[in-house]
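Encoded as structure tokens, the structure appears first; notes follow it.
The values are calculated or read from the model by the stated rules, or taken from the named source; none is laboratory data. Predicted, not measured: the structure shown is a model, and the values here were computed from it. Quick reminder, even Gly has a Cβ in these numbers, built from the backbone with ideal geometry, and neighbours come from all protein chains shown. The accessibility values were calculated without ligands, DNA or RNA, using every heavy atom of the protein model including side chains. Shrake-Rupley method; radii C 1.70, N 1.55, O 1.52, S 1.80 Å.
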Amino acid sequence: MAKKGNRIQVILECTEHKESGLPGTSRYITNKNKKNTPDRLEIKKFNPILKRMTVHKEIK
């Protein structure tokens, strides 16, 4: 029996990295349940280029 399609794959991108002017991007791939969290995710993750924890937002 197949599962329902509530879980989707999303990409998280660092918000502070664009403003810093440094080359490269910090992106993470994760899953979310579309039924429980219909709005965009905002999670603090580690940015290896800036070497600190920053806010990462979901992009489309």
Matching entry among Leu50, Leu22 (being farther than 25 Å from Asn6 by Cβ and in contact with a Ser or Thr (Cβ under 9 Å, 6 or more places away or on another chain)): Leu50
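Quick one: which of Lys44, Lys35, Lys18, Lys51 is open to solvent by 100 Å² or more (accessible area, probe 1.4 Å), on the phi < 0 side of the Ramachandran plot and free of Cβ contacts under 8 Å to residues at least 12 places away in the same chain?
The unique qualifying residue is Lys18.
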Failed condition for Ala2, given (1) modelled with pLDDT of 90 or more; (2) open to solvent by 80 Å² or more (accessible area, probe 1.4 Å); (3) small (Gly, Ala, Ser): (1)
